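Structure, as structure tokens:
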Amino acid sequence: MDYQKLIVEALKDQKEIFGDDLLEVFNLSVPTENNSTNENIIMNLSKPELEINPPNLFEDDFQKSKSLEELFNIIHTCKKCSLGETRTKFVFGTGNPNADIMLVGEAPGAEEDKQGEPFVGRAGKLLTDILKAIDLSRDEVYIANILKCRPPNNRDPLPSEVEKCRPHLMKQIELIKPKMILCLGRIAAIELLGKKLTLTKLREEVYELNGVKVMATYHPAALLRNPGLKRGCWEDVKKFRKLYDELTGKK
Ligand code: SF4
């Protein structure tokens, strides 16, 4: 059995739910294959390397966009951070440009990077099923990520990358004008809302961002790793749907 892989996956789940704070109190010392300890794994998961990039003098050009198409044309060649050099495809977002509902994830993964679309592959299929369960289709909503390019090895986004890319998402939100946003995973929620809380806490509240209601639930990839979280996700999306129906007077 690959204990190292199991430990890393379990820690990823803990990090998804509780963030860095919980990981920092662990001090396990089970030796791994290469004779390092889990402490090293925790350090790697919690503290991505710092990255310093010069500011882009033309970064505000995209703010003048009047449509998603115009925005895409301006930013799809973006190299404001180093992920622009390592990406295979830029992952802008997909769905209804006039959607009432937006789903926001953290960053493209390997499959998204290959296909140039957010939430494809197994996690994407599960997301489609979750939407179906609350009577929504992918074509009705708009799906995007905080980062438009894949961080290598699916590491967490660096603060400098979020700082440079988040305005792209904020412009998408401004153009789409959704009534509600569902954040998929803790990182998407804390980076969108600017609140460093656990996912457990984030899931309890309905937040407001520029007049848009924002809620959070688990990332579908976390549900695939840990099916025990599905019940909580189901409760979250039912609550999300109920609030949406109340807001739009559908029920
Ligand atoms: S992640 Fe965002 S800021 Fe970085 S290169 Fe890609 S689009 Fe630009």
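Brief remarks on what is shown
- Residues in segment 166-179 that are out of contact with any helix residue (DSSP H, G or I) (no Cβ under 8 Å at 6 or more places or on another chain) and part of a helix (DSSP H, G or I) were compared, and the one that is surrounded by the fewest Cβ atoms within 10 Å (Cβ to Cβ) is GLU174.
- Qualifying positions in segment 202-243 - surrounded by fewer than 18 Cβ atoms within 10 Å (Cβ to Cβ), assigned to a helix (DSSP H, G or I) and in contact with an Asp or Glu (Cβ under 9 Å, 6 or more places away or on another chain): ARG225
- Boolean, ASN27 is within 11 Å of the ligand (Cβ to nearest atom), of a type in the set (S, T, N, Q), outside the structural domain of PHE119 (by TED's automatic domain parsing) and modelled with pLDDT under 95: no
- Options ASP113, ASP135, ASP156; residue that is modelled with pLDDT of 95 or more and not in a helix (DSSP H, G or I): ASP135
- Among (1) at pLDDT 95 or above; (2) farther than 23 Å from LYS230 by Cβ, the one test that LYS125 misses: (2)
- Every residue from segment 152-165 that is crowded, with 19+ Cβ neighbours inside 10 Å and among the basic types (Lys, Arg): LYS164
- Residues being part of a loop (DSSP other than H, G, I, E, B) and either farther than 22 Å from GLY211 by Cα or at pLDDT below 95 (or both) - total across segment 72-109: 16
- Selection status of PHE92, within 14 Å of the ligand (Cβ to nearest atom) and either charged (D, E, K, R) or assigned by TED's automatic domain parsing to the domain that holds LYS213 (or both): yes
- Filtering segment 193-208 for residues that are within 21 Å of THR94 (Cβ to Cβ) and out of contact with any Lys or Arg (no Cβ under 7 Å at 6 or more places or on another chain) leaves an empty set.
- The residue pairs whose first member lies in segment 132-147 and is under 12 Å from PRO97 (Cα atoms), whose second member is of a type in the set (S, T, N, Q) and in a loop (DSSP other than H, G, I, E, B), and whose beta carbons are closer than 7 Å, counting only pairs six or more residues apart or on different chains, are ASP139/ASN96; GLU140/ASN96; VAL141/ASN96; TYR142/ASN96.
- Looking across GLU117, GLU106, one residue alone is surrounded by fewer than 20 Cβ atoms within 10 Å (Cβ to Cβ) and either within 16 Å of the ligand (Cβ to nearest atom) or within 18 Å of ILE75 (Cα to Cα) (or both). It is GLU117.
- Any hit, segment 153-160, residues being near the ligand (Cβ under 9 Å from one of its atoms), closer than 16 Å to GLY93 by Cα and assigned by TED's automatic domain parsing to the domain that holds LEU229: no
The values are calculated or read from the model by the stated rules, or taken from the named source; none is laboratory data. Keep in mind it's a predicted model, so treat the numbers as computed, not measured. Backbone-built Cβ (ideal geometry, glycine too); neighbour counts: all protein chains shown.
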